[in-house]
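Here the structure comes first, spelled out in C-alpha cells, and everything after it is commentary.
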C-alpha cells in the first residue's frame, strides 16, 4: 500500500505558479470572480447556440411558406 500526497491546488498565470492557499484574499476573490464569469460566458454561449438553431428553423419554415406563394 502506497501513501500518495494529495496534489496542492495551484494557479498558473504565464510562467508563474503559486499554491492557491498562498494567494491573498483579494487574489482569491478575483479567482472566484473569474470562475463565475467563465461559467456565465459558457452559459451564454450555450444560449447563443440554441438561439442560432431556432433562427435557422424559423428561416427554413419561412422560406418553405414563401415558396408556396410561387
State all residues of segment 1-21 that are in contact with a helix residue (DSSP H, G or I) (Cβ under 6 Å, 6 or more places away or on another chain) and outside any strand (DSSP E or B); if no residue qualifies, say none.
9
Does any residue in segment 1-27 that is at negative phi come within less than 6 Å, Cβ to Cβ, of a residue that is assigned to a helix (DSSP H, G or I) and surrounded by 10 or more Cβ atoms within 10 Å (Cβ to Cβ) six or more places away or on a different chain, and which pairs are these?
9/20; 11/20
For segment 48-65, does any single residue satisfy the condition of being surrounded by 10 or more Cβ atoms within 10 Å (Cβ to Cβ), touching a strand residue (DSSP E or B) at 6+ places or on another chain (Cβ under 8 Å) and assigned to a helix (DSSP H, G or I)?
no
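Computed from the coordinates by the stated procedures, all read-outs in this text should not be read as laboratory data. Note that the coordinates shown come from a computational prediction; the quantities given were computed from them, not determined experimentally. Because the Cβ atoms are built from the backbone with ideal geometry, glycine has one as well, and the counts that use them run over all protein chains shown.
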